[in-house]
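The values are calculated or read from the model by the stated rules, or taken from the named source; none is laboratory data. Since this is a predicted model, take the numbers as computed values, not measurements. Cβ: placed from backbone, ideal geometry, glycine included. Neighbour counts: every protein chain shown. For the accessible areas, the whole protein counts, side chains as well, though only heavy atoms, and no ligand, DNA or RNA atoms are used. Shrake-Rupley method; radii C 1.70, N 1.55, O 1.52, S 1.80 Å.
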Amino acid sequence: MKNILDAPFVEEMKKTTANMYRLGWDERNGGNISYMLDEKEVAEYLDLNNVIRTIPTGFDAKELIGKIFIVTGTGKYFKNVEYDPENNLGIIRIAEDGTTAELLWGYADGGKFTSELPAHLMSHISRLSVDPENRVVIHSHPTNTLAMNYVHELDEKKFTHTLWEMCTECIVVFPDGVGVLPWMLCGTNEIGEATAEKMKEFRLVIWAMHGIYGAGKNLDEAFGLIETVEKAAQIYMLTSHLPRINTIKDKDMQILAEAFGVEYRKDFLNL
Ligand code: 2HA
Ligand code: ZN
């Protein structure tokens with residue numbers, strides 16, 4: 001059996017959480033990540049018959065029975081993951097009943113998965129229904145994205161349109177746009193269900209005045225989506241109080257989307 005601390009997926013989680021912490025997006029215990037792993041790969045590092053303990057999830061994820069995820073721990077700090085993965089991360093498998101998580105590794109101090117597990121697992125189910133390759137869901141509190149929530153209308157079309165206008169590549173990176181949820185209580189099944197509903201349509205979902213969710217087939221893709229939104233939001237926050245002299249026009253965005261051959265939300269442009 002190989003050493004789990006050398007597993008590429010543990011290494012990736014360490015690097016991603018450290019990176020996000022240093023970008024200032026994941027203060028204290030802010031943010032969480034879930035990453036679906038390949039059973040055969042995990043079996044190189046862990047005895048899959050050895051369940052350390054079981055933890056109720058509080059909802060039914062029958063679509064994910066048997067699936068294995070590496071997930072950040074509740075109350076844990078992204079800052080600390082790289083130094084102490086075994087306490088700050090856990091590897092769980094969704095049990096046969098669909099409502100229990102079997103701990104295969106991690107949460108070594110008796111901890112458990114993020115309080116946002118419902119939003120994560122329900123989002124996995126939604127994304128998998130439209131993209132069987134989806135593996136990763138990331139939640140984060142990126143600074144400018146959050147700032148923009150306070151000064152921009154929280155309308156999906158208007159919010160996406162503004163982000164697309166802020167950098168030439170935005171419409172190419174997230175042609176499907178950004179879903180927006182109103183402020184809601186976090187950590188609940190309700191916000192999980194609302195996020196998952198949006199995730200059928202969008203890979204990015206804003207939680208108003210809280211943060212963002214991004215989904216993708218790997219950590220790079222999910223992170224890169226959030227990073228691109230955050231960059232656009234930064235340009236917006238640097239310029240929105242100044243007279244606008246130039247802009248990317250809707251026609252330009254259409255030309256871009258067509259040149260790159262992406263399926264974009266035509267109804268989000270005013271052509
Ligand atoms: O895990 O970000 O939304 C801390 C959070 C909750
Ligand atoms: Zn949060």
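Tell me which residues, restricted to the stretch 1-52, are among the polar types (S, T, N, Q) and without any contact (Cβ under 8 Å) to a residue 40 or more places away in the chain.
Residue satisfying the conditions is 49 alone.
Given the structure, is residue 75 open to solvent by less than 10 Å² (accessible area, probe 1.4 Å) and not polar (S, T, N, Q)?
It is false that residue 75 is open to solvent by less than 10 Å² (accessible area, probe 1.4 Å) and not polar (S, T, N, Q).
Among the residues of the stretch 17-36, write down those that are open to solvent by 20 Å² or more (accessible area, probe 1.4 Å) and either of a type outside the set (Asp, Glu) or not in a loop (DSSP other than H, G, I, E, B) (or both).
Hits for the stretch 17-36 are 19, 21, 22, 23, 24, 28, 29, 35.
The rows are residues; the columns are (1) closer than 26 Å to residue 189 by Cβ; (2) of a type outside the set (Phe, Trp, Tyr); (3) more than 24 Å from the chain's Cα centre (by Cα).
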residue: 19; (1), (2), (3): no, yes, no
residue: 29; (1), (2), (3): yes, yes, no
residue: 34; (1), (2), (3): yes, yes, no
residue: 37; (1), (2), (3): yes, yes, no
residue: 52; (1), (2), (3): yes, yes, yes
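Inspect the stretch 214-221 for any residue being in contact (Cβ under 8 Å) with a residue 12 or more places away in the chain, over 25 Å from residue 135 (Cβ atoms), within 16 Å of ligand 1 (Cβ to nearest atom) and not aliphatic (A, V, I, L, M) and give the result as yes or no.
No, the stretch 214-221 contains no residue that is in contact (Cβ under 8 Å) with a residue 12 or more places away in the chain, over 25 Å from residue 135 (Cβ atoms), within 16 Å of ligand 1 (Cβ to nearest atom) and not aliphatic (A, V, I, L, M).
If residue 96 meets every condition in (1) in a loop (DSSP other than H, G, I, E, B); (2) away from ligand 2 (no atom under 16 Å from the Cβ); (3) under 21 Å from the mean Cα position of the chain (by Cα) apart from one, which number is that one?
(3)
Taking the stretch 109-126, which residues are assigned to a helix (DSSP H, G or I) and either open to solvent by 20 Å² or more (accessible area, probe 1.4 Å) or touching a Lys or Arg at 6+ places or on another chain (Cβ under 6 Å) (or both)?
Within the stretch 109-126, 122, 125, 126 meet the criteria.
Can you name the residue in the stretch 137-160 that is within 16 Å of ligand 1 (Cβ to nearest atom) and not in a helix (DSSP H, G or I) and is also most open to solvent (accessible area, probe 1.4 Å) among such residues?
141
Are there any pairs with C-beta distances below 7 angstrom linking a residue in the stretch 53-81 that is part of a helix (DSSP H, G or I) to a residue that is charged (D, E, K, R) and modelled with pLDDT under 95, with the two at least 6 apart or on different chains, and if so which?
none
Within the stretch 229-251, does at least one residue satisfy the condition of being within 20 Å of residue 69 (Cα to Cα) and not acidic (Asp, Glu)?
Within the stretch 229-251, not a single residue is within 20 Å of residue 69 (Cα to Cα) and not acidic (Asp, Glu).
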